[in-house]
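Read-outs: derived from the displayed coordinates by stated rules, not from any lab. A quick note: this is a predicted structure, and the numbers were derived from the prediction, not measured. Quick reminder, even Gly has a Cβ in these numbers, built from the backbone with ideal geometry, and neighbours come from all protein chains shown.
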Amino acid sequence: MAKPQIIVLDDSQALFVRAAEEIVHVSGEAICTHGQFALALTGGNTPADVYSLIATRFHLSVDWNAVHLFWGDERCVPPDDPDSNYGMANRIMLSKLSLDPGQIHRMRGEADPEIAASEYENELRNFFSLNEGEFPRFDLILLGLGDNVHIASLFPGSPALHETRRLAVAVEVDAPQRKRITLTPPVLNNAARVMFIVSGKNKAEAVKLALEGPRNPDKYPAQIIDANQGEVMWLLDRPAASLLSSSVAE
Ligand code: 6PG
């Protein structure tokens, strides 16, 4: 299991800037080594400021022609719905970039969840030229952390936490926007890098459980991430890291 790199930033603004810097860095590395950057975005509120920084201050630092954007999960709502993860990224970032539609691989939240999940699996198979039984290798997957330690739309007790074959599944979660589509654990763990972005005191308990709690991925889904072939990075602000027994302060 890859030991996660834990980086603690003084405050949320420093966290968001560091997250944007890491995304830029990984994009350059990926594009230099294999000509493209496959990035899976996270939803929720935390990444909004990161996406805004990427679209403005860091816009010129990314070779956008070589970037393909995916999502780790999506709520089953239309793309222009205020709760859509795609919609949030589009309002804040995509609308400010001149990407070709073929570079944006959204989960179709407006469709029947099972159909949308299967469609997304096909989209992943096609883009990554996967054979049966193979998993996509994203250059970077961004993850937030729910206060119940969920990641993407993999919630505590979800059968999807035990999915070993499928690439994306439809799930029902105990949260607003109950119906969702999510990437599965084998896809998340096949990434070259997984980067958590977690801000705020309200996440301190979840961070503690994820990183230092008793091992129980069913109860604490973030623990399922071990990026067996890749790197795992936790970017935390000081409030979110405040309950950790030891963390690298940066
Ligand atoms: C979603 C996200 C989800 C999110 C966490 C944290 O669709 O909501 O993918 O996993 O990252 O719930 O959300 P906040 O950043 O809003 O706290």
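Observations, loosely collected:
- Stretching the chain fully between K3 and L130 yields a gain of 42.9 nm (0.36 nm per residue, less the alpha carbon separation).
- Per-peptide average of other Cβ atoms within 10 Å, ordering 234-240, 52-58 highest first: 234-240, 52-58
- Relative contact order for the stretch 34-164, counting Cα pairs under 8 Å that sit 6 or more residues apart, in percent: 30 percent
- Cross-link table K3/K179; K179/K219; K3/K203; K179/K203; K3/K219, entries beyond 28 Å C-alpha to C-alpha: K3/K179
- Per residue, the average separation of C-alpha pairs within less than 8 Å and at least 6 apart gives the stretch 5-249 a relative contact order of 24 percent.
- Cα shape, the chain, gyration tensor, a/c 1.5 rule: rounded
- Rounded FRET efficiency, nearest 0.05, which uses the C-beta distance separating D10 from T33 and R0 of 41 Å: 0.80
- Burial ranking of peptide ranges 28-36, 88-96 (average Cβ count within 10 Å, highest at the top): 88-96, 28-36
- Working note: 222 nm ellipticity from helices only, DSSP H runs with n ≥ 4, each -39,500 (n - 2.57), summed and divided by the residues of the chain, gives -8000 deg cm²/dmol to the nearest 500.
- Packing, taken as the mean count of other beta carbons within 10 Å per residue, orders the peptides 174-187, 202-215, 37-50 from highest to lowest as 37-50, 174-187, 202-215.
- Across the stretch 16-70, the mean sequence separation of Cα contacts (distance under 8 Å, 6 or more residues apart), normalised by length, yields a relative contact order of 53 percent.
- Alpha-carbon centroids, the stretch 57-116 and the stretch 180-235: separation in whole Å: 22 Å
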